[in-house]
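Participant: Following this message is one structure expressed as structure tokens.
The values are calculated or read from the model by the stated rules, or taken from the named source; none is laboratory data. As the structure is a computational prediction, the values presented were derived from the model and not from experiment. All Cβ positions, glycine included, derive from the backbone under ideal geometry; neighbour counts span all protein chains shown. Heads up: the accessible areas ignore ligands, DNA and RNA and are worked out on the full protein's heavy atoms, side chains in. Shrake-Rupley method; radii C 1.70, N 1.55, O 1.52, S 1.80 Å.
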Amino acid sequence: MSVTIYVPRDAAALALGAEKVAEAVTQEIAARGIDAKIVRNGSRGMFWLEPLVEVEVSGERIGYGPVKAKDVAALFDAGLASGGEHALCLGEVEGLPFLKEQTRLTFARCGIVDPLSLKDYEAHGGLAGLRRAAAMAPADVVKEVTDSGLRGRGGAGFPTGIKWKTVLDAAGDRKYIVCNADEGDSGTFADRMIMEGDPFVLIEGMAIAGLATGATKGFIYIRSEYPHAVATMTEAVEIACEAGMIGDSVLSSGRAFDIEVRTGAGAYVCGEETSLLNSLEGKRGVVRAKPPLPAHKGLFACPTVINNVISLASVPVILDKGAVFYRDFGMGRSRGTIPLQIAGNVKHGGLYETAFGLSLGDIVDRIGGGTATGRPVKAVQVGGPLGAYFPRTLFDTPFDYEAFAAKDGLIGHAGIVIFDDTVDMLKQARFAMEFCAVESCGKCTPCRIGSTRGVETADKIAQGIEPEKNRALLADLCNTMKFGSLCALGGFTPYPVTSAMTHFPDDFAPTPLIEAAE
């Protein structure tokens, strides 16, 4: 009886030695004459256990991890092929608390299926949503998405259904679906995990969007730093075309929808939708003034839906299970599930999909396990490099768009970066300004000049030069950038700076002379 052994090919696992582990497993199978096959799956999202090797035994997946190439021979000696006991044995993977307590809807197949097997995808519930959408009127598909309460998972939190309806109602000979896969925020990796671990769900979501809005062409814009995602998505699109999932007649529906993968050049600002459109058109990636909105005049001046990877990948389950099913998860106006990406100085870093509503403290302390160093948590940045820093006094804040906004924060792409008590928040504020200065497209003055002045001002505070005056100047610069910048890069950079100044004022105070002398 053939044995199936899973060794991930996710970029995070590869960075931790998964390729060498796969080679060692291949060699042991050959040397021992075992009837086995290796499936290169995606990651389950438990990065402290990567590379996580799994073997299927009696319908269950037994895990071993983290595995190094040098461990492989001993694992086979211990009976890896039959789920034998070993110091690295974790037992049934689905039973691990980190996975068991999740609500995996968007990531239901990630780490489970062969990413490039359409047969595997369909066997685990894939294509059900697209089949239903193909039999529905476009307006009914849009209503289903609208009623689900799905909001943009890329950071803005704009209702997805409203955006789709705008494009559906817009006049145009040609319409487009653009997937923003330019995942540039530090501490985020959900988009990459989907593209590398379950690419067909993104293709299905885009095809549903095309059927819903009358768009016949889609583009997936992936950052150049994601070569494995680019390769996987490119191959998956080819497979989907050959199988009739997309193409001239989507699932034999008579309606066309094609997808093309494009690679960006690595500019952070191209994560902003209008800069991305300029880049797709072969122009310099700079922000466009709005109006007109992309939904009216987007790619090549045609009506365009721009959604991020997780937004589009969440659509198939909505069409499959229905709007009410999805809407029942979450709280307030934040409906459905959100893939939390836990990173930084943390014991259990990884991806955790759950319904909106968990408190920040629950996420950091219970799910993340606190800091990797064992020191107290000082600050948590939520929402990428432009997100606010939250102190422990705000850890009762529920993970919800409006709740975070009420505390002068933002959820963004749900990246959560944890810092222990050794972090210098003045340096973190300076980093935010420096990041903005480096990544600014230069089109608007508040972002281009404000960020540069911000770095200079933070340096003066650090040097003890007129600290009170310069703290006031830094706050004034933040106000100008927040309300005067053309896009979210300059507009959101003040969030980390002002939150650091507000919640950690001691880090912005002059160093006492006695301490300086020591």
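Participant: Would you pick out the residues in the range 299-328 that are in contact with an Asp or Glu (Cβ under 8 Å, 6 or more places away or on another chain) and crowded, with 21+ Cβ neighbours inside 10 Å?
Facilitator: Leu299, Ile306, Asn308, Val309, Ile310, Ala313, Val315, Pro316, Ile318, Leu319 - these are the residues of the range 299-328 that are in contact with an Asp or Glu (Cβ under 8 Å, 6 or more places away or on another chain) and crowded, with 21+ Cβ neighbours inside 10 Å.
Participant: So, in the range 256-283, of the ones that are without any contact (Cβ under 8 Å) to a residue 12 or more places away in the chain and either closer than 20 Å to Cys444 by Cβ or hydrophobic (A, V, I, L, M, F, W, C) (or both), which residue ends up surrounded by the most Cβ atoms within 10 Å (Cβ to Cβ)?
Facilitator: Asn278
Participant: If I go through the range 57-77 residue by residue, how many of them are under 14 Å from Gly95 (Cα atoms) and in contact (Cβ under 8 Å) with a residue 24 or more places away in the chain?
Facilitator: Looking only at that region, the number is 5.
Participant: Could you tell me which numbered condition Lys290 fails, if it satisfies all but one of (1) in a loop (DSSP other than H, G, I, E, B); (2) over 28 Å from Asp10 (Cβ atoms); (3) modelled with pLDDT of 95 or more?
Facilitator: Here Lys290 meets the rest and fails (3).
Participant: Condition first: hydrophobic (A, V, I, L, M, F, W, C) and under 16 Å from Pro496 (Cα atoms). Now tell me which residues in the range 392-418 satisfy that.
Facilitator: Result: Leu394, Phe404, Ala405, Ala406, Leu410, Ile411, Ala414, Ile416, Val417, Ile418.
Participant: Can you pull out the residues in the range 391-424 that are more than 13 Å from Gly332 (Cβ to Cβ) and among the charged types (D, E, K, R)?
Facilitator: Arg392, Asp396, Lys407, Asp408, Asp420, Asp421, Asp424
Participant: Does Pro339 satisfy the criteria of being open to solvent by less than 10 Å² (accessible area, probe 1.4 Å), in contact with a strand residue (DSSP E or B) (Cβ under 6 Å, 6 or more places away or on another chain) and not charged (D, E, K, R)?
Facilitator: So Pro339 fits the description; yes.
Participant: Could I ask something else about it? Considering only residues of the range 143-179 that are under 20 Å from Ile222 (Cβ atoms) and at pLDDT below 95, which is farthest from the chain's Cα centre (by Cα)?
Facilitator: Filtering first and then ranking leaves Ala156.
Participant: While we're looking at this one, here's another question. Can you confirm whether the range 356-372 contains a residue that is open to solvent by 10 Å² or more (accessible area, probe 1.4 Å), part of a strand (DSSP E or B) and either more than 18 Å from Ile416 (Cβ to Cβ) or among the small types (Gly, Ala, Ser) (or both)?
Facilitator: Scanning the range 356-372 turns up at least one residue that is open to solvent by 10 Å² or more (accessible area, probe 1.4 Å), part of a strand (DSSP E or B) and either more than 18 Å from Ile416 (Cβ to Cβ) or among the small types (Gly, Ala, Ser) (or both).
Participant: Quick check on this structure: which one of Ala22, Ala36, Ala30 is surrounded by fewer than 24 Cβ atoms within 10 Å (Cβ to Cβ) and within 23 Å of Met193 (Cα to Cα)? I'd like the intermediate steps shown before the answer.
Facilitator: Values: Ala36 fails: within 23 Å of Met193 (Cα to Cα); Ala30 fails: within 23 Å of Met193 (Cα to Cα).
Only one candidate passes the filter, namely Ala22.
Participant: Still on this structure, I have one more. Could you count how many residues in the range 382-399 are farther than 23 Å from Gly490 by Cβ, assigned to a loop (DSSP other than H, G, I, E, B) and touching a Lys or Arg at 6+ places or on another chain (Cβ under 8 Å)?
Facilitator: The qualifying residues number 2.
Participant: May I ask you to verify whether Glu183 is under 29 Å from Gly111 (Cα atoms), at pLDDT below 95 and touching a strand residue (DSSP E or B) at 6+ places or on another chain (Cβ under 9 Å)?
Facilitator: On the way: under 29 Å from Gly111 (Cα atoms): yes; at pLDDT below 95: yes; touching a strand residue (DSSP E or B) at 6+ places or on another chain (Cβ under 9 Å): yes.
Answer is yes for this residue.
Participant: Continuing with this model, one more query. Select the helices (runs of 4 or more DSSP H) contained entirely in the range 57-147, then report the ones holding at least 2 residues which are in the same structural domain as Lys321 (by the TED database) and farther than 19 Å from Phe47 by Cα.
Facilitator: 118-123, 128-134
Participant: Mind telling me which of the residues Phe399, Phe395 ends up being of a type in the set (Phe, Trp, Tyr), in contact with a Ser or Thr (Cβ under 7 Å, 6 or more places away or on another chain) and not assigned by the TED database to the domain that holds Gly152?
Facilitator: Just one listed residue meets the conditions, Phe395.
Participant: Among the residues of the range 12-34, is any β-branched (Val, Ile, Thr), part of a helix (DSSP H, G or I), within 29 Å of Pro339 (Cα to Cα) and not assigned by the TED database to the domain that holds Tyr226? First the steps, then the outcome.
Facilitator: Of the residues in the range 12-34, the ones β-branched (Val, Ile, Thr) are 21, 25-26, 29, 34.
Remaining after also requiring part of a helix (DSSP H, G or I): 21, 25-26, 29.
With the extra rule that they be within 29 Å of Pro339 (Cα to Cα), the set shrinks to 21.
Okay, now just the ones that are also not assigned by the TED database to the domain that holds Tyr226, so 21.
Checked against the condition, which is being β-branched (Val, Ile, Thr), part of a helix (DSSP H, G or I), within 29 Å of Pro339 (Cα to Cα) and not assigned by the TED database to the domain that holds Tyr226, the range 12-34 yields at least one hit.
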